[in-house]
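Here's the structure we're looking at; comments come further down.
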Amino acid sequence: MSHAPQFYPAEPPPSTAAPVELSEQDLEQISGGVDLSLTLVRFDGSDELSLVSTESDYAALSQASQSSQTRFSVFQIHLTGFDSTNSLMKALSSIGRLFGY
């Protein structure tokens, strides 16, 4: 006669821990900090074509010129290691004052 082992599910351990409510300061400390990266890229371009034609009784003169202008600018800022969104907003406010906002 063969005997097969019987398996029973384990009982979950009784819950002894009560839920813990964290303050805003505690949440900001365990959140891992705030990092922000801003990039602004601006590209402007223009092409001009000028055609001047002059005629007289003796000769005709035509002159054409073309010009191109391209401007490219990049502004990039990385703000890292802030403990809270409040401290990040203070830093952004300070940067805004540098640019007149």
- Message: Any residue that is touching a Ser or Thr at 6+ places or on another chain (Cβ under 9 Å), among the β-branched types (Val, Ile, Thr) and within 30 Å of SER84 (Cα to Cα) - is there at least one of those in region 35-53?
- Response: yes
- Exactly one of SER73, SER68, SER53 is exposed (fewer than 10 other Cβ atoms within 10 Å of the Cβ), in contact (Cβ under 8 Å) with a residue 24 or more places away in the chain and of a type in the set (S, T, N, Q), and that residue is SER73
- Scanning region 76-91 for residues that are in contact (Cβ under 8 Å) with a residue 40 or more places away in the chain and of a type in the set (A, V, I, L, M, F, W, C), which turns out farthest from ASP26 (Cα to Cα)? ILE77
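Please verify whether GLY32 is within 25 Å of the chain's Cα centre (by Cα), loosely packed, with under 10 Cβ neighbours inside 10 Å and either farther than 24 Å from ILE95 by Cα or modelled with pLDDT of 85 or more (or both), treating the condition exactly as stated. Can you show your working first?
Values: within 25 Å of the chain's Cα centre (by Cα): yes; loosely packed, with under 10 Cβ neighbours inside 10 Å: yes; either farther than 24 Å from ILE95 by Cα or modelled with pLDDT of 85 or more (or both): no.
Judged against the criteria, GLY32 is not a match.
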- Task: Of the conditions (1) modelled with pLDDT under 85; (2) exposed (fewer than 10 other Cβ atoms within 10 Å of the Cβ); (3) closer than 30 Å to ILE95 by Cα, LEU40 clears all except one; give me its number.
- Result: (1)
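The values are calculated or read from the model by the stated rules, or taken from the named source; none is laboratory data. Since this is a predicted model, take the numbers as computed values, not measurements. Reconstructed Cβ throughout: ideal geometry from the backbone, glycine too, with neighbour counts over all protein chains shown.
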